[in-house]
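Colleague: Please find one structure pasted underneath; my questions will follow.
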Amino acid sequence: MTTPHTATPSAGTTPQALGLDPEVGRKLLAGIEAGLLRDLHVVLAARSEHVFLEYYTTGRDENWGAPLGDVPFDAQTLHDLRSVTKSVVSLLYGIALDKGLVPLPEASLFAQFPEYADLGADGDRSRITIEHALTMTLGMEWDEDRPYTDPLNSEIAMEMAEDRYRFVLERPIVEPPGTSWIYSGGSVALVGAIIERGSGKSLPDFARETLFEPLDIATFHWSTGHDGVASAASGLRLTAPDLLKIGVLVLQKGIWRGQRIISEDWITQSLTPAIPTGDGLSYGRLWFCGDAPAPAFPDARPWYAGFGNGGQRLWLMPDANIAAVIYSGKYNEWDAWITPTRIWREIILANFREV
């Protein structure tokens, strides 16, 4: 087990110098030892690009459902992002849009899939746009409340279908498009397909060339279904430091080391709440949006996040210039959200002393 520590011991980058309680690392470790923070694999948090919290341990893990046994985690270990993958795909769509490879979000969704013209002719479906896929407001029936071990879970059923895109596009319309949020990995599969069709590259190859290589991300894995299609909804695996880079890129409004990677407008629009999720949060373009007060803040401040099955998180708070990555192993458990939420609220945000 690696004890939480400041990654750079110089005076300018200690937790205290970064405006945090100097005991923030000890508090994390105390929560773990007390059994209040369970099933953790990795915690990595930075403010203004300076890491102030870093924890790795050994834990039982899996790769997209395939058991890996006990894995000793460190800064070089790949980990499932699960649905944090969706937020990365949002960035990839923005990059493709900047390059003129994909349509604007207000374009017709079914126009991007002419082979399913028999479905797109339906009145309700003809009004569905790419924006509805990006904000999960397609209005189509979709059920991911079931465990991902259940073949009736809609994402699993999509992966098992002979034609994944027809499976998604022919779901019954249950709400007018754009009016209700229905969590859907199928919507992200469509977004990934549009990127692939527009770029002429597989999603992993497009990600490598346009996002990962500019950020010096050399190692990643993207799981594929039986048809060889990379899962845009949940298949990406990254190391914690590399996912943290992606978070910093978003905090810097699309600029990395002086290079523009994604337009600022796309970042802004992606993090703008588009629809309530029904549980006190909102959703942008494949990003969750919320707010949280902390002792350092006189009022609630917005945060943004990618959430993944098992307790995977990429947390961002632009007002504090903080990014945090949490990897956990509590896959398919209803209470997997508790530990990463406690770390974000009670260890990181609650220990700011200045902003």
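The values are calculated or read from the model by the stated rules, or taken from the named source; none is laboratory data. What you see is a predicted model; the values in this text were computed from it and never measured. Heads up, the Cβs are rebuilt from the backbone with ideal geometry, glycines too, and the neighbour counts pull from every protein chain shown.
Colleague: Inspect the range 175-188 for any residue being modelled with pLDDT of 95 or more, in a helix (DSSP H, G or I), in the same structural domain as Ala161 (by TED's automatic domain parsing) and surrounded by fewer than 23 Cβ atoms within 10 Å (Cβ to Cβ) and give the result as yes or no.
Modeller: no
Colleague: I would also like to ask the following. I need the full set of residues from the range 100-124 which are in contact (Cβ under 8 Å) with a residue 12 or more places away in the chain and under 30 Å from Asp216 (Cβ atoms), in order please.
Modeller: Leu101, Val102, Pro105
Colleague: Looking only at the range 231-268, which residues are closer than 15 Å to Thr210 by Cβ and among the polar types (S, T, N, Q)?
Modeller: Gln259, Ser263
Colleague: To continue, here is another question. Hey, can you tell me all the residues within the range 321-336 that are hydrophobic (A, V, I, L, M, F, W, C) and either closer than 23 Å to Val51 by Cα or outside any loop (DSSP other than H, G, I, E, B) (or both)? Please lay out each step first, then the result.
Modeller: In the first step, residues of the range 321-336 are kept if they are hydrophobic (A, V, I, L, M, F, W, C); the result is 322-326, 334, 336.
Once the filter is applied, which keeps residues that are hydrophobic (A, V, I, L, M, F, W, C) and either closer than 23 Å to Val51 by Cα or outside any loop (DSSP other than H, G, I, E, B) (or both), the range 321-336 yields Ile322, Ala323, Ala324, Val325, Ile326.
Colleague: Now a separate question. Inside the range 15-26, can you point out the residues that are touching a helix residue (DSSP H, G or I) at 6+ places or on another chain (Cβ under 6 Å) and either in a helix (DSSP H, G or I) or not assigned by TED's automatic domain parsing to the domain that holds Arg47 (or both)?
Modeller: Val24, the sole residue that qualifies.
Colleague: Would you pick out the residues in the range 28-74 that are within 30 Å of Glu155 (Cα to Cα) and among the polar types (S, T, N, Q)?
Modeller: Thr58, Asn63
Rundown of residues vs (1) surrounded by 13 or more Cβ atoms within 10 Å (Cβ to Cβ); (2) part of a loop (DSSP other than H, G, I, E, B), yes/no style:
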{"site": "Leu29", "(1), (2)": "yes, no"}
{"site": "Ile32", "(1), (2)": "yes, no"}
{"site": "Gly35", "(1), (2)": "no, yes"}
{"site": "His41", "(1), (2)": "yes, no"}
{"site": "Tyr55", "(1), (2)": "yes, no"}
{"site": "Thr77", "(1), (2)": "yes, yes"}
{"site": "Ser87", "(1), (2)": "yes, no"}
{"site": "Leu104", "(1), (2)": "no, yes"}
{"site": "Glu115", "(1), (2)": "no, no"}
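Colleague: As an exercise: evaluate Thr149 against (1) over 30 Å from Ile262 (Cα atoms); (2) surrounded by 17 or more Cβ atoms within 10 Å (Cβ to Cβ); (3) over 20 Å from the mean Cα position of the chain (by Cα); (4) among the hydroxyl-bearing types (Ser, Thr, Tyr) and give the number of the one condition it does not meet.
Modeller: If we test Thr149 against (1) over 30 Å from Ile262 (Cα atoms); (2) surrounded by 17 or more Cβ atoms within 10 Å (Cβ to Cβ); (3) over 20 Å from the mean Cα position of the chain (by Cα); (4) among the hydroxyl-bearing types (Ser, Thr, Tyr), just (2) comes out false.
Colleague: Take Ile246 and tell me if it is at pLDDT 95 or above and touching a helix residue (DSSP H, G or I) at 6+ places or on another chain (Cβ under 6 Å).
Modeller: Numbers: at pLDDT 95 or above: yes; touching a helix residue (DSSP H, G or I) at 6+ places or on another chain (Cβ under 6 Å): no.
When the stated conditions are applied, Ile246 does not pass them.
Colleague: Another one. Which one of Thr219, Thr210 is within 20 Å of Leu243 (Cα to Cα), of a type in the set (Ser, Thr, Tyr), modelled with pLDDT of 95 or more and part of a loop (DSSP other than H, G, I, E, B)?
Modeller: Details: Thr210 fails: part of a loop (DSSP other than H, G, I, E, B).
It is Thr219.
Colleague: Within the bounds of the range 240-253, is there any residue that is polar (S, T, N, Q), within 27 Å of Ile156 (Cβ to Cβ) and not in a helix (DSSP H, G or I)? Please lay out each step first, then the result.
Modeller: Taking the range 240-253 and keeping what is polar (S, T, N, Q), we get 252.
Remaining after also requiring within 27 Å of Ile156 (Cβ to Cβ): none.
Looking through the range 240-253, none of the residues is polar (S, T, N, Q), within 27 Å of Ile156 (Cβ to Cβ) and not in a helix (DSSP H, G or I).
Colleague: Modelled with pLDDT of 95 or more, under 30 Å from Gly186 (Cα atoms) and among the charged types (D, E, K, R), is that true of Asp39? Before you say what the answer is, go through the steps one by one.
Modeller: Numbers: modelled with pLDDT of 95 or more: yes; under 30 Å from Gly186 (Cα atoms): yes; among the charged types (D, E, K, R): yes.
Answer is yes for this residue.
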